[in-house]
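All remarks here apply to the structure that follows.
The values are calculated or read from the model by the stated rules, or taken from the named source; none is laboratory data. Everything numeric here is computed off the predicted structure, so don't read it as measured data. Methodologically, a virtual Cβ is constructed for each residue, glycine included, from the backbone with ideal geometry; neighbour enumeration extends over all protein chains shown. Surface accessibility is based on the protein's heavy atoms, side chains included, excluding ligands, DNA and RNA. Shrake-Rupley method; radii C 1.70, N 1.55, O 1.52, S 1.80 Å.
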Amino acid sequence: MMSDDKTFEAIADERRSLASTLETLTPAQWDHASLCGEWTVRDVAAHLVAPMVIPMWRFGVLMLRARGNFDEANKMMTDLVVRQHGTELVSLLHDRADKRFAPPGRGPAAPLTDIVVHALDICRPLEITRSSPDDRRVAVLDYVTGLRGRDAFAHSAAAVRWEATDIDWSHGDGPTVRGTADTLMLAITGRRRVVEELSGDGVSLLGA
């Protein structure tokens, strides 16, 4: 298990690494669809920058406007960041990488999960090779299948045994779902487009 300090250091490193990748993108790549719902690559980058530029009270106002709908408030916040900081996303992600923020009650594993998974949301559709160090991937997988992170990040409620094929990690009981650690992270957090990359007798349960 990673300490809080080590986790925040990993978050900063992931942010800077992704900023370096984003710096190379063409205008068309910025507008490309990500794996994250209807968001473009630019939208996902703006979401990652949001905690660095939007104070908590401002998000509270957006939650009121969205009548308590977190997803709608999150979309409002992302649109706001695109409008106000759309040309600064790379520099903000890089220069403010060390900012320590974690949602109340979630711990630093939450923002680590956010940056690791969303980096894949950006890079995979663009066919850019990217993967985080194994200890970070284990931390994310433990978090999205554990009590603290499951309700916030996990979209698959299937009773299966997840097994990574490229690192030493597994979780759960039941029919098996196998894939790389990156693919499992995406599947557990609801990215349906990666299901075809998985194997095992539990894959058929994921569609529900």
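Annotations for the structure displayed:
- Residue satisfying all of: in the range 54-71; within 17 Å of P103 (Cβ to Cβ) and among the charged types (D, E, K, R); most open to solvent (accessible area, probe 1.4 Å) among these: D71
- Yes/no for L120 being of a type outside the set (V, I, T), free of Cβ contacts under 8 Å to residues at least 60 places away in the same chain, within 15 Å of L22 (Cα to Cα) and buried (at least 18 other Cβ atoms within 10 Å of the Cβ): no
- Annotation note: of A73, A19, A66, the sole residue that is modelled with pLDDT of 90 or more and aliphatic (A, V, I, L, M) is A19.
- Test: residue in the range 125-133 that is charged (D, E, K, R), farther than 14 Å from T183 by Cβ, modelled with pLDDT of 90 or more and outside any loop (DSSP other than H, G, I, E, B): no
- Neighbours by Cβ (under 6 Å, 6+ apart or cross-chain): first from the range 1-13, closer than 14 Å to S132 by Cα; second acidic (D, E): A12/D98
- Of the criteria (1) in contact with an Asp or Glu (Cβ under 9 Å, 6 or more places away or on another chain); (2) closer than 18 Å to T189 by Cβ; (3) surrounded by fewer than 16 Cβ atoms within 10 Å (Cβ to Cβ); (4) of a type in the set (D, E), which one D98 fails: (2)
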